[in-house]
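Participant: Handing you this structure, nothing more for now.
Throughout, read-outs are computed from the coordinates displayed, never taken from laboratory work. Worth saying up front: this structure is predicted, and the values here are computed from it rather than measured. Quick reminder, even Gly has a Cβ in these numbers, built from the backbone with ideal geometry, and neighbours come from all protein chains shown.
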Amino acid sequence: MSGIVVVGLFDAVDPAAAAARALRALPLPEGDITTLSPMALPDGAVCRDPRGIGFPKVTLAGWFVGALAGLALALGTYLLYPLITGGKAIVSVPPTLIITYEVAMLGALAGTVIAGFREMGLCRFRTRLIHDPRIQEGKILLCARVSGDEQAERAMDAMRTAGGVDVRPEEGAL
Amino acid sequence: MNGSDHLTRTDTGALYRELSRSNLPPTGRWYAVAGLLLLVTLWGVGCFVYMMKTGMGVTGLNRPVMWGSLIASFVFWIGLSHSGTLISAILRITNATWRAPILRGAEAMTAFALMVGGLFPLIHIGRNWRFYYMIPYPNSRQLWPNLRSPLMWDAVAINTYLLGSLTFLYFGMIPDLAIARDHATGWRKKFYTVLALGFRGSHNEWRRYHVASTIFAILIIPVAVSVHSIVGWDFAMAKVPGWHSTIFAPYFVTGAIFSGLAGVVLVMAALRKVYRLENALTTVQFENLGKLLCTMSLLWGYFYFAEFLTVWYNRNPEEWEVYRSYGGHFLPLWLSMVVCNFVVPFPLLCMRRVRRSIPALCFVSFLVIVGMYAERFLIVVTSLARRNDPFIWHNYFPSWVEFSILAGALAMFLLLYTIFAKLFPIMAVSDIQERLFQATDRKIGEANVESIAMPHDTGKGGHG
């Protein structure tokens, strides 16, 4: 997803939103415009995220994998060591449910972490990513992926017109 | 804006500097405190090694009281760990606007209390070097983890909760680690760069971060409830008078949340004082925690009365003897429990003046901690001390070795917290920033009121 990205710094949400509107009118696809901000902005405030969020399905899958692992752990232990303790049946249902539940929840948590990191695009240490630490001073970095110099020029004009500063092309992934 | 008027969205750098005072280079005083805590921890470790080498005879444990202060401390610390993650998760899901300043401190409390609490069964088992018998592994010696034993449920549940809580703590910290990375220099910059995992605050990252946080919060709540239910079942599954009760699981969960809330109040007050966080941790947070504490005090009183009434009316001789001992040898402990958990906290916390006074709230929270420890001790010890056969009744008092281990555990908890506060953002800066961003002052008639924007996620295909 790397290529030429035009970026511009904005002091507030409203000028950034105006610039994003102008970029969409160029036209640039919704998925090629994003912001870097020190806090979450509501979806649609400046740009929209057209991609669906798929990792809750992985959470569910993690739950089922965990449940199977828990069940296997409990049943496997009973069957490997078929010793009667406390007058309980070799395969006892309530303890099996408890172990299955705990390991299932662990699986769901692990699924959420792994899929969450993946969908958020974290851990890309070798990829050059667009970033500007000045967002931590309260600024918003508007980024637009463009194809070609002409589109880049028009995008930079749109950002400058809306009040963007330090508008420049950069190379890297969004 | 509740005392935080000057923390505005456009001054994010100042906000970070104010909230990250704990990350400043350590002073001589910090080294002195950390050194003292380390010494006490080492003393506790030394006493544990002495106990391990000499045998359990150096403790006050004797038949029939084979579970004493170490198991009571295990229950207490696991209980203390409850409110951090649980409260944080509940507040996240309900989108409570006052939550942001207490999230991180509470979540860290959970992680460290669990680490400390989880050590106690290992300390208690006597032949400590054989702890790995609990881990399922193939062997030819007929050693197997008995998954029909509640103690094994405990091992599985506590490990799940510990891993979940650590993940919850770390995941919630990622945006703040990114902020710290962008402000830091030297080795800290490298440290935060690795831990922030390349988080930059893109729209895509924020949206997914919020969904993942919500899912985490939803998942961690039933895990937290199950952990203390299982700790309750450790006792309730045994046919010991005073333990064998169906009410134990919810009663333990209630007690855990109660003591955990008191712990959160004390930790927050300490952070506020030490790192001068008065603008972030305002009376609003403390008053709301006070309200929750008041509710839990009432709930605890209700559960205890329900349990007591059943035994009192039934007068099953074996169970009644346990309760009778509360009026004898264990009277000071029983009085501490009732007075510190209900008689004093409930009426005091009903008063707004007390809830809004941080010293008063800390006093009540301290009482609750004392009362809850007394409750754990009574549950564990009394039932064994007055078990079935009067000829074997025996009173128990912890030895100096046990007291040393308990002091070492407390010091270890404080030391871990102190180091954590020095290395990591102790305040959820991005959450506070987001809340300030969403808040505006609005005029209704002649009154100025704070108004919070609650954005809907209108993403085309996404969850939100």
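Participant: Note down the magnitude of the dipole of the protein assembly as shown about its Cα centre, charges +1 on Lys and Arg C-beta and -1 on Asp and Glu C-beta and zero elsewhere, to the nearest 20 debye.
Facilitator: Here the protein assembly as shown has a charge dipole of around 1000 debye.
Participant: Given Cα pairs under 8 Å that are at least 6 residues apart, what percent is the relative contact order of chain B?
Facilitator: Relative contact order for chain B comes out at 30 percent.
Participant: Then there's this: Compare the Cα positions of A:P27, A:V113, A:A74 along the charge dipole of chain A (+1 at Cβ of Lys, Arg; -1 at Cβ of Asp, Glu; about the Cα centre) and return the one farthest towards the positive end.
Facilitator: A:A74
Participant: How large is log10 I(q)/I(0) at q = 0.08, 0.14 Å⁻¹ when the Debye formula is applied to the Cα atoms of chain B, each weighted equally and without solvent?
Facilitator: -0.51, -1.42
Participant: Let me ask something else about it. At a 10 Å Cβ-Cβ cut-off, how would you order B:I392, A:I53, B:I221, fewest neighbours first?
Facilitator: So the residues, fewest neighbours to most, are B:I392, B:I221, A:I53.
Participant: Just how large is the dipole of chain B about the Cα centre, in debye to the nearest 20, putting +1 at every Lys and Arg Cβ and -1 at every Asp and Glu Cβ?
Facilitator: Charge dipole, chain B, about its Cα centre: 720 debye, nearest 20.
Participant: Okay, next question. Fewest Cβ neighbours within 10 Å first, please rank B:I444, A:I135 accordingly.
Facilitator: With the fewest neighbours first, B:I444, A:I135 line up as B:I444, A:I135.
Participant: Among the lysines, which fall within straight-line cross-link reach of B:K273, defined as a Cα-Cα distance under 19 Å, with same-chain neighbours fewer than 8 residues apart omitted?
Facilitator: B:K273 reaches B:K422.
Participant: Taking the Cα atoms of region B:72-132 alone, what are Rg (to one decimal) and Dmax (as a whole number) in Å?
Facilitator: 14.9, 49
Participant: Here's another thing I want to ask about it. May I ask for the Rg/Rh ratio of region A:55-120, computed from Cα atoms with Rh as the Kirkwood radius, given to two decimals?
Facilitator: 1.17
Participant: Report, in order of residue number, the helices in chain B meeting two criteria: a C-alpha extent of 18 Å or more along the helix axis, and a mean Kyte-Doolittle hydropathy of at least -1.0; treat each whole DSSP H run as one helix.
Facilitator: Membrane-span-like by this rule: B:28-54, B:69-93, B:100-124, B:150-183, B:203-236, B:248-274, B:283-314, B:358-377, B:400-423.
Participant: Right, next: If one takes the longest principal axis of the Cα atoms in chain A, at what angle in degrees, from 0 to 90 and to the nearest 10, does the Cα axis of helix A:13-24 lie?
Facilitator: On a 0 to 90 degree scale, this one is about 80.
Participant: Next question, about the same structure. Give the dimensionless ratio obtained when the Cα radius of gyration of the protein assembly as shown is divided by 2.2 N^0.38 Å.
Facilitator: Cα-based Rg divided by the globular estimate yields 1.07.
Participant: Based on C-alpha coordinates, I'd like the Rg and Dmax of region A:1-102, in Å.
Facilitator: Radius of gyration, then largest Cα-Cα span, for region A:1-102: 26.4, 76 Å.
Participant: Among B:V267, B:Y251, B:G327, whose Cα projects farthest towards the positive end of the dipole of region B:214-357, with charges put on the beta-carbon of Lys, Arg (+1) and Asp, Glu (-1)?
Facilitator: Checked the options; the winner is B:V267.
Participant: Report relative contact order for region A:55-120 in percent, whole number only (criteria: Cα-Cα under 8 Å, sequence separation at least 6).
Facilitator: Worked out over region A:55-120, it gives 58 percent.
Participant: Continuing with the same structure: Which of the trypsin sites (Lys or Arg not before Pro) found in region B:94-184 are loop residues per DSSP with 12 or fewer other Cβ atoms within 10 Å of their Cβ?
Facilitator: Hits after loop and neighbour filter: B:R127, B:R141.
Participant: If we count other beta carbons within 10 Å of each Cβ, what is the order of A:V5, A:V91, B:V354, fewest first?
Facilitator: Sorted ascending by nearby Cβ count, the order is A:V91, B:V354, A:V5.
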